[in-house]
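Here's the structure we're looking at; comments come further down.
Coordinate-derived values only; no laboratory data. Since we're looking at a predicted model, the values are computed, not measured. Glycine gets a Cβ as well: all are built from the backbone with ideal geometry, and neighbour counts include every protein chain shown.
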Amino acid sequence: MEQKIAVKVDDLTVAYNYKPVLWDIDLEIPEGVLMAIVGPNGAGKSTLIKAILGILKPIAGSVSIYEKPYEKQRSLVAYVPQKGSVDWDFPTTALDVVMMGTYGSLGWIKRPGQKEKKAALEALEKVGMLPFKSRQISQLSGGQQQRIFLARALVQDASIYFMDEPFQGVDATTEIAIINILKELRKAGKTVIVVHHDLQTVPEYFDWVTFLNVKKIATGPVKDIFNDDNLTKTYGINYKVSIQE
Amino acid sequence: MDLQEYFSLVFSDYTLRTITLGTAILGAVTGMLGSFAVLRKQSLLGDAISHAALPGIAIAFLITGAKDSNTLLLGALVSGLLGTFWIRGIITKTHLKSDTALGLILSLFFGFGMLLLTFIQKQPNANQAGLDKYLFGQAATLVESDVWLMAIVTGLCLFVLLLFWKEFKILLFDKDYAKTLGFNTKTIDILITSFIVLAIVLGLQTVGVVLMSAMLLAPAAAARQWTNSLSKMVFLAAVFGAFSGVFGTAISSSQNNLSTGPVIVLVASVFVVFSFIFSPSRGLLFRQIRFIANRRDLEQQKTLAFMYHIAETHDNISHPHTIKILNNFQGFTRKTLQKLVDKEYVMLDGTMWSLTQKGFDKASNLYNQQAKEDE
Amino acid sequence: MSNAQIEIQLIASLVAIACAIPGTFLVLRKMAMISDAISHSILPGIVVGFFITQDLNSPLLILLAALTGVITVVLVERIQKTGLVKEDTAIGLVFPALFSIGVIMIAKNANDVHLDVDAVLLGELAFAPFDRLFISGTDVGPKSLWIIGSILVITVGLLIAFFKELKVSTFDAGLAASLGFSPALIHYGLMTVSSVTTVGAFDAVGAILVVALMIAPAASAYLLTTDLKKMLGLAIVFGVLSAISGYWFAHWLDASIAGSITTMLGVLFLIMYLFAPSKGLIAVIYREKQQRIEVSLLTFLLHLRNHDDERERHVNHLNEHINWQKVRSKTVLDLALKNNMIDINNKIVSLTSKGDEFTSQAIDYIITNEDAQIEDMKDDFFLFRG
């Protein structure tokens, strides 16, 4: 059976302040995979996601989502930014942040109503944050804040999820909770793309992986390509990870 | 005129009513928009914009020769916007940082404005009197048409704010995310900035170039302490701003030789100090109280835990011990011991203490909880 | 030139130098707005000092007012530490409040204090030569000259004595601490010098010009060099240049000298902002365009190397496959051809061996030196020079 391609990246080149961060990236992400993007610091992992989502303008290259340009397929895509990218002292509640996930489908001016609130509450329930819905966001722990971000993406009810380091600075319970939700998403046929730091957990969490270090080193199923050879190519030093069978 | 007289006159006296209404509306609109400036970490932008507006006033006067405040404000608006965009240009296109860009535009535009003002003052024909009111503001020169203009702008601002509330909020909180949802963040950004510039320019006549930034910041900073909701914060900031305007006007008109601008700013600053200290959730006072209470609880628990460990070694938990052995323990004070007695965890008999059954259960509970959390 | 004119220019130049030195460090430490805050909040200090000394030029007044400046900095830091508001908000809250107190104090004592708020903001350099210092009956020059001269001597002395410490703590606070310099000491030392300079200069040139003289020369110099010593030197030259040209401009216009000097500083900054080589606006825009072409060229070469399929390498299909933005494919194609990096056979583009080697080199370079910018490649690759 031919697998559908969810995200296709062609010859993408991005420069940040005119310093090249990504070079000529070609990437095809099949539908329904749970993919990790790994690479050393400064390898352009976050940049890749941001360029795909149109937050950064590439110098060259194109991105298509289910064979159409990204701009036309926004509703199919949800995004979980890095937790550190926002001001958590902002005067708003957990529920309010999750409601923001509905703003895209509402479009300009229209206000969220009962339907949107219900969706947001359901998403909060899914991430186990319903009891905290009225909490001011600065009063949440790092793990809880990450769950709020995840809930906000879930509300978007997308087909493809992009997540930027969702496991950074979270407690063990949250990490398990998040990975369970990601696996559930995959089971429902969604595509999930995660910028990931912890190489040890790659084989356990993901079924697809992309090695990135300014250039794309390799991409494919974890069982085929997650090996010392590719790790060394990506991280530059003799890298060995004990993969448990 | 004393304060009482002021409040009895404010409804009947035309001038007083105009001024009070003007400062109140100004306070409300700057408070409202100031909330956005504060949350976007652009607090000092207001200071730069208000200073940058000065040459615009002078140039508008040089061109038209008119003292009509609307013409001058138009000049101020153009010049303020120019300054704002130049600041952006400096930050995005050079390696100079935002603080340098702000300081540059602020001082350079202001100095140029002063050059023009002194130049105008030396002109023989000019009826320039009144131009320097823009330095420190003169609420007394407000006339009904000025107040109408303020009211219209405030109404417009309120309308736009309500219309694009959702967009403003998401831009303020998470700009990148807003972009992925398909919102044109540049448009929202320009909309907010333009309104902030407009509000500043409106306030120049009343509060003046030098102190205008405080009108933006102070009500918003005070409001932030009382609420964790953006809408309530904006509303409260407007209320604080309006009250600062009214009280400031009242105080300055009840005294001789007091210009309105500095008094309004001081009233607003009092709001800030009060909020910093007395806000129940964030304020310094309650934070300190909570801190002390927490420490006391901790000390009590520590003492109790220590007693528990001693009592554990005896068959009879209520076996008495001397108080002395507690002394070398950190959490212990006479006071905490008394508190434990009050709670019937401990019985005192002269210089001896003993744990009650209740105290023992409590301590073992605490101990188990701790062990659980450590796992 | 009359004696008074020379004295005015001398005072203005000394103020410019005295401001440029702390200003350079403020700009480098991203604290430029602190100078604005200090310049406003010293007002109550000046008023109180004036009540005590009855003399605007008294050293005691200068110390008292400078103390207000340091108090401002401490107050701002205290508020920042509470976490109740963001850092810049703290600055914006403190100085208007202190300035308002100063204005009100002047207004309430208008009969006793012959202080004009306008004069505090703008100064009156033109009158400076008339307030003279007499030592045992002999006229030794204007008081302002002596005041700002002494401040300058102290500033230069401190600069020379602590240059190394200042440099290290400005560029790497962590390193400074590990070397045993207290960053806090340097920080408050700098704040004290800034405050004293501001107070010493306000009487001559006014608070706002002090801010301009601190920030603008340093910012203009920063657009030309990143070397600390050169930057200090340039800032001083720019300051003095603006001071003297500003004086004559004001003379010609018959307007405020302070305003005129600021305007000259503005013109100077505008020139640097637009024309500074490599860091000015025009240079940046030009470079951005060049870099876009260069990046596109490399992307194009990489594309050729990665794709053997002839369809991907057909001249007519390049745009479709590479999707260049803003740079037309023809420019890039011509550039590559000119440098013998590609061959075109039957409209199929392929890499020459030289192009292949160049591409590998460039990619290695980019990957191994993560922080290296394309700009640096200009030195290593002939292509980028021409």
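Using the C-alpha gyration tensor of chain A, what are the square roots of 5 times its eigenvalues, in whole angstrom, with the largest one first? Mind dumping the intermediate values first?
Values: eigenvalues 173, 88, 61 Å².
Semi-axes (√(5λ), whole Å): 29, 21, 17.
The mean sequence distance of close C-alpha pairs (under 8 Å, at least 6 residues apart), as a share of the length of segment C:1-130, puts its relative contact order at 30 percent.
Rounded to the nearest 20, the Cβ-based charge dipole of chain A about its Cα centre (Lys and Arg +1, Asp and Glu -1) stands at 820 debye. Segment A:62-106 and segment C:193-211 have their alpha-carbon centroids 49 Å apart. Lys/Arg Cβ at +1, Asp/Glu Cβ at -1, dipole of chain B taken about the Cα centre: which of B:LEU149, B:SER279, B:SER98 is farthest positive-ward? Result: B:SER98.
Only lysine pairs 8 or more places apart or on separate chains count here, and in segment C:96-254 those with Cα atoms under 25 Å apart total 4. Positive contributions from Lys and Arg (+1) and negative ones from Asp and Glu (-1), summed over other residues with Cβ under 11 Å from the Cβ of B:LEU355, come out at -1. Each of C:SER39, C:ALA65, C:GLY23 was placed along the dipole of segment C:3-279 (beta-carbon charges, centred on the mean Cα), and the one lying farthest toward the positive end is C:GLY23. Cβ under 14 Å from C:ALA20's Cβ, C:ALA20 left aside: what net charge do those residues give with Lys, Arg +1 and Asp, Glu -1? Here the count lands on +2. Set Lys and Arg Cβ to +1 and Asp and Glu Cβ to -1, take the dipole of chain A about its Cα centre, and tell me which of A:THR102, A:ALA36, A:PHE211 lies farthest positive. Of the options given, the answer is A:THR102. Most simply put, the protein assembly as shown has about 70% antiparallel DSSP beta bridges, counting only bridges with both residues inside it. Counting, for every residue in B:37-46, the Cβ atoms of other protein chains within 10 Å of its Cβ and taking the mean gives 5. Here's the list of lysines a cross-link from C:LYS289 could span, going by alpha-carbon distance under 20 Å and ignoring same-chain residues fewer than 8 apart: A:LYS19, A:LYS57, B:LYS93, C:LYS279, C:LYS326, C:LYS330, C:LYS338, C:LYS378.
Of all aspartates and glutamates in the structure, those lying under 20 Å Cα to Cα from B:LYS133, and not within fewer than 8 positions of it along the same chain, are B:ASP47, B:ASP68, B:GLU144, B:ASP146, C:ASP116, C:ASP118, C:GLU124.
Order by neighbour count: B:GLU167, C:GLU312, fewest other Cβ atoms within 10 Å first, most last. Write down the numbers at each step before the final one.
On the way: B:GLU167 21, C:GLU312 18.
Ranking B:GLU167, C:GLU312 by Cβ neighbours within 10 Å, fewest first, gives C:GLU312, B:GLU167.
Arrange the following residues from fewest to most other Cβ atoms within 10 Å of their Cβ: B:THR20, B:THR30.
On the way: B:THR20 26, B:THR30 36.
The most exposed by this proxy come first: B:THR20, B:THR30.
Working note: Karplus 6.51/-1.76/1.60 with θ = phi - 60° gives segment A:112-127 the couplings x, x, 4, 4, 5, 5, 4, 4, 5, 5, 4, 5, 4, 4, 4, 8 Hz, where Gly and Pro are set to x.
The stretch between A:SER85 and A:GLU67 holds 3.5 nm of extra length on full extension. This uses 0.36 nm per residue minus the Cα-Cα distance. In the protein assembly as shown, the calculated helix contribution to ellipticity at 222 nm averages -20500 deg cm²/dmol per residue, counting -39,500 (n - 2.57) for every DSSP H run with n ≥ 4.
Report note on the peptides C:333-346, B:211-224: ranked by the mean count of other C-beta atoms within 10 Å, highest first, their order is B:211-224, C:333-346.
Using a cut-off of 18 Å between Cα atoms, the listed pairs A:LYS4/A:LYS187; A:LYS83/C:LYS30; A:LYS72/A:LYS110; A:LYS45/A:LYS126; A:LYS115/A:LYS183; A:LYS8/A:LYS190 include A:LYS83/C:LYS30; A:LYS72/A:LYS110; A:LYS45/A:LYS126; A:LYS115/A:LYS183 as exceeding that distance. With Cα atoms defining each centre, segment C:222-251 and segment A:110-189 are spaced 55 Å apart in the structure.
Shape verdict for the protein assembly as shown, please, from the Cα gyration tensor: rounded (a/c under 1.5), prolate (a/b greater than b/c) or oblate. All intermediate terms of the calculation are to be shown ahead of the outcome.
Numbers: a/c = 1.71, a/b = 1.17, b/c = 1.45.
Because a/c hits 1.5 or more and a/b fails to exceed b/c, the protein assembly as shown counts as oblate.
Listed by number, the DSSP H helices of chain B that run 30 Å or longer by alpha-carbon position along their axis and have mean Kyte hydropathy of at least -0.5 are B:14-39, B:69-93, B:98-122, B:185-207, B:230-253, B:284-312. Helix A:172-187 and the longest principal axis of the C-alpha atoms of chain A enclose an angle of approximately 80°.
Each principal axis of the Cα atoms in segment C:3-279 has its own extent, and those three values, largest first, are 52, 43, 37 angstrom. Annotation for segment B:40-114 versus segment B:17-32: alpha-carbon center distance of 23 Å.
Two tests apply to each whole DSSP H helix in chain C, Cα reach of 30 Å or more along its axis and mean Kyte-Doolittle hydropathy of at least 1.0, and the ones passing both are C:3-28, C:32-53, C:59-82, C:87-108, C:183-205, C:228-253.
Considering every residue in C:32-40, what mean count of other chain Cβ atoms within 10 Å of its Cβ is obtained? Mind showing how you got there, number by number?
Values: counts 12, 11, 2, 3, 10, 2, 0, 1, 3.
Neighbouring Cβ atoms belonging to other protein chains average 5 per residue here.
For segment B:1-108, the dipole from Cβ point charges (+1 on Lys and Arg, -1 on Asp and Glu) about the Cα centre works out to 640 debye, to the nearest 20.
Counting Lys +1, Arg +1, Asp -1, Glu -1, what net charge surrounds C:LEU61 among other residues with beta carbon under 10 Å of its beta carbon?
Numbers: positive: none; negative: C:ASP55, C:ASP203.
Charge balance near C:LEU61 sits at -2.
Find the all-direction average of the projected area of the Cα convex hull for segment B:3-281, expressing the result in square nanometres with one decimal place.
On the way: hull surface 64.1 nm².
The Cα convex hull of segment B:3-281, projected and averaged over all directions, gives 16.0 nm².
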